[in-house]
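Notes follow the structure.
Every number in this text was worked out from the coordinates using simple rules, so none of it is lab data. Please read all numbers here as calculations on a predicted model, not as lab measurements. Every residue, glycine among them, receives a Cβ derived from its backbone with ideal geometry; neighbour counts consider all protein chains shown.
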């Protein structure tokens, strides 16, 4: 890496290379984000822009007083925790099965990887059709196998709707975990196993005492990123249920989008800032907990 | 032996679960309407028909939406790749004041809900007279993908030995020509992967597009499909055909860059 003063031709070169990217990000990402945060403290409705006075915390109060916000917050918890749990467990299992080389492994990975090429929007549509209460294939399969004896309106019944969107999300996200965990497993140095093998440790003990401690920091980071990502992932819910029925699959981001579409930018800003604050608080808490756990182990 | 059999069975079941939804949407798209909405369900179309695909192009003007999507995605992905190639190089090879802050600023955009910017962005696009125009979408997509492409390209540069460029520079080449003639050829696969990844992101993008576009002329594929949903009744035959048509390009492209995708997925995370 070149370490010199930031002057002359060198500075010009660096500036020129970075400027286009910076301009785009500042103008079309940061500026609207700052503007949106300021709007959170304004009365700002698209349908009456003649008056946009600052109103202090009025928007926040209005949002916090709304039942749907709290429902969406609870739903977000369910959506994130349950999706993540199954994605993680299934993904881990898949990674362990795919760990050793076998004939056709590459092809297998290519096939199970394909959901990643689809958008959340299309995946939502796919599952919306399969979960259809009348002509859906899932109802048909459950009837045929005798698990149910009457069709279920999966997407029109509040409890089932959340289960359904989570099933779709688990289907989508499991491979991601599998691939990430496989990458983490490959990072464990072989010598560690050899040493453990000499000591006569069983497979299970090797896994518990060698593999797991080694990959735990990576796993912790992957999980945090997934949590943030799942929370920011309204696409699937949007096309599958639209947040319904009766708000039973609304999460904070679908709620936020509804505020924007409704033209109330003041409230949208308030919801956005609340979500951001929550996310930040959670991330700090999470990193502290996982770091201190790893720190103790190391000592 | 028993163990291998068990492993094979589990992997087989998972493959089935993964592939079935895709199979089902293809089968649905090939069934006549009467067969889609009839009991008992047929798991194989009795009378294969392409009527839903024909409808798509005859009545729904799907050709135009595809052309729009292609145009927006190609231009935005190309721009983002060039910006990433230049920006990633500077971040990988130089230290300068503000470098750490810049990388943090890029990473942050990957973490926070950008929907907070949606409203003000709409106003901005309206002020710039970019609503309902493909150019408007291109601009916001570039902004959306610049942090990703810059960070991932930086990672690719870091794997190319500096000695390679230095050798070229010793031979009298300028820094820029060393970059163009020596470094970039080595990195072509990575550059291609970045381009494809950006292309697919644009091709799939929904929320920005439905916020900024509502004229028929400028609709992209997701916007058009979204307007199929908002109607009272979904025509699942056409919807299935539209899904198949729009997913084929991304499937092919993703298959081509599979081994780089993990990198793409983690670019915002592990690097930095």
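Note on chain A: GNM, Cα springs under 10 Å; of A:284, A:227, A:166, the largest mean-square fluctuation is that of A:284.
Each listed q (0.14, 0.15, 0.17, 0.25 Å⁻¹) maps to a log10 I(q)/I(0) for segment B:1-49 from the Debye sum over equal C-alpha point scatterers, namely -0.49, -0.53, -0.60, -0.86.
Label-to-label distance, residue A:110 versus residue A:38, with points set 7 angstrom from Cα along the beta-carbon direction: 5.3 nm. Let me make sure I get this right: for segment B:29-89, a, b and c are the square roots of the gyration tensor eigenvalues over alpha carbons, sorted descending. Under 1.5 in a/c it's rounded, otherwise prolate if a/b > b/c, else oblate. Which is it? Note, shape of segment B:29-89 comes out prolate.
Between the alpha-carbon centres of segment B:87-105 and segment B:3-21 there is a gap of 45 Å. Legend: mean number of C-beta atoms from other chains within 10 angstrom of residue C-beta atoms, peptide A:107-117, equals 6. Using R0 = 51 Å, the C-beta based FRET efficiency linking residue A:191 and residue A:150 works out to 0.30. Short to long, the 20 Å bins of the Cα pair-distance histogram for the protein assembly as shown hold 18, 52, 27, 3 percent of all pairs.
Working from Cα pairs under 8 Å separated by at least six residues, relative contact order for chain B is 31 percent. Per-residue Cβ neighbour counts within 10 Å put B:217, B:233 in the sequence B:233, B:217, beginning with the fewest. Per residue of peptide A:119-131, the mean number of Cβ atoms on other chains within 10 Å of the residue Cβ is 6. For segment B:59-266, compute Rh as the Kirkwood radius over C-alpha pairs and then the Stokes-Einstein diffusion coefficient at 4 °C and 1.567 mPa s; write the answer in µm²/s, rounded to an integer. Value of D from the Cα-based Kirkwood radius: 69 µm²/s. A Förster radius of 25 Å combined with the Cβ-Cβ distance from residue A:27 to residue B:216 puts the calculated FRET efficiency at roughly 0.30. Look at the stretch B:89-96: the mean tally of other chain Cβ atoms within 10 Å of its residues' Cβ atoms is 6. What is the distance, in nm, between label points placed 7 Å from the Cα along the Cα-to-Cβ direction at residue A:81 and at residue A:141? Each label point is offset 7 Å from its Cα along the Cβ direction, giving 2.8 nm. Taking the number of Cβ atoms within 10 Å of each Cβ as an exposure proxy, the fewest-first ranking of A:129, B:203 is A:129, B:203. The label point for residue B:105 and the one for residue A:51, both projected 7 Å from the Cα toward the Cβ, are 3.8 nm apart. Just check segment B:1-124 against the gyration tensor rule for me: Cα atoms, a ≥ b ≥ c as the square roots of the eigenvalues, rounded for a/c under 1.5, and otherwise prolate or oblate depending on whether a/b exceeds b/c. Oblate shape, in that a/c is at least 1.5 and b/c is the bigger or equal ratio. Once you reduce segment A:144-170 and segment A:222-267 to the center of their Cα atoms, the two points are 20 Å from each other. In this calculation the C-beta distance from residue B:37 to residue B:13 is compared with R0 = 35 Å, giving a FRET efficiency of 0.75.
Here segment B:201-262 and segment A:180-211 have alpha carbon centers that stand 44 Å from each other. Taking square-rooted eigenvalues a ≥ b ≥ c of the alpha carbon gyration tensor, is segment A:69-251 rounded, prolate or oblate, where a/c under 1.5 means rounded and, failing that, a/b exceeding b/c means prolate? Prolate. For chain A, averaging the sequence separation of C-alpha pairs within contact (under 8 Å, six or more residues apart) and dividing by the residue count gives a relative contact order of 29 percent. With contacts taken as Cα pairs under 8 Å at a separation of at least 6 residues, segment B:119-235 carries a relative contact order of 32 percent.
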